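Read-outs: derived from the displayed coordinates by stated rules, not from any lab. Just so it is clear, the structure is predicted and the values come from calculations on it, not from any experiment. All Cβ positions, glycine included, derive from the backbone under ideal geometry; neighbour counts span all protein chains shown.
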Amino acid sequence: MSAKKRIFKEDILDAGIRVIQKRGAEALTVRNIAGELGCSTQPIYSEFQNSEALKEALLPYAKEKYLRFSYTNYKAFALAFLEFAKTQKELFKFLYLRRRADGENLPEDVNYASTIALLSKNLEMTEAQAKEMHRWMQYYCYTQGVMLATDYRDLSLQETDKELTELFCIMLRHYKAVKSEEELAFWLEKARHLIL
């Protein structure tokens, strides 16, 4: 009679995340994951051919688990991402501060399609405009995230909120050709309550 399987793929991926959180991405080895699980390396190699396959599976798993947001407020997406960078520093570094494969683009945003749809509909912009505006917001957030994750900068929630509002006002003035404070207030209110 064969032994009943007690360690599953998701258990291994969760253990991999815990190793990164505790000791950083450089500690992500099959042996350390086995130690986290309290088992031999055999169950891990049963699920993953090698450590590279494990790391490749861990990237989308961690993004889905930690970076899938269901907000309808545009700023809330950015605040959640920056809070992740501040509170999950080692995991943020694993996802975003790593050598990229040739031809690999910017980190995939698991919220991208819904974010673009929200911006396009509620801010009455073309999809191309929404993508361009969001790309600039991503650049800002990735930059701030790197500074938070590497302890280069420490922002309070209030400081982050203020900076995001200032940046968003600049973007709205540009992309919506805003000419007055009343017009800006109108578009800010629409952005606060994005509805899909």
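Below is a table of values for the structure above.
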item	result
Distance between modelled label sites at R98 and S46, nm, 7 Å Cα→Cβ extension	2.5 nm
Over the chain: helical MRE at 222 nm, DSSP H runs n ≥ 4 each giving -39500 (n - 2.57), nearest 500	-21500 deg cm²/dmol
Sequence of F94, F84 once ranked by neighbouring C-beta atoms within 10 Å, starting from the fewest	F84, F94
R0 of 45 Å, Cβ-Cβ distance K131-R23: FRET efficiency to nearest 0.05	0.75
Charged-residue dipole, Cβ positions (Lys, Arg, Asp, Glu), the stretch 68-196 about Cα centre, Debye nearest 20	240 debye
Neighbour-count ranking [beta-carbon atoms within 10 angstrom, fewest first] of L119, L82, L167	L167, L119, L82
Simple label model, 7 Å out from Cα along Cβ direction - S70 to A113, nm	1.7 nm
Kirkwood Rh in Å, taken over all unlike Cα pairs in the stretch 15-86	13.7 Å
With 5 Å bins from 0: P(r) over the chain, alpha-carbon pairs, percent	1, 7, 14, 17, 15, 13, 11, 8, 6, 4, 3, 1, 1, 0, 0, 0
With Cα atoms, 0 to 90° folded angle of helix 181-192 axis to the chain main axis	30 degrees
Helix 74-87 vs. the chain, principal-axis angle (Cα, 0 to 90°, nearest 10)	40 degrees
In Hz, Karplus ³J(HN,Hα) per residue of the stretch 43-56 (6.51, -1.76, 1.60; θ = phi - 60°; x = Gly, Pro)	x, 6, 5, 5, 8, 10, 4, 7, 5, 5, 5, 5, 5, 4
0 to 90° range, to nearest 10: angle between helix 127-149 axis and the chain longest Cα axis	60 degrees
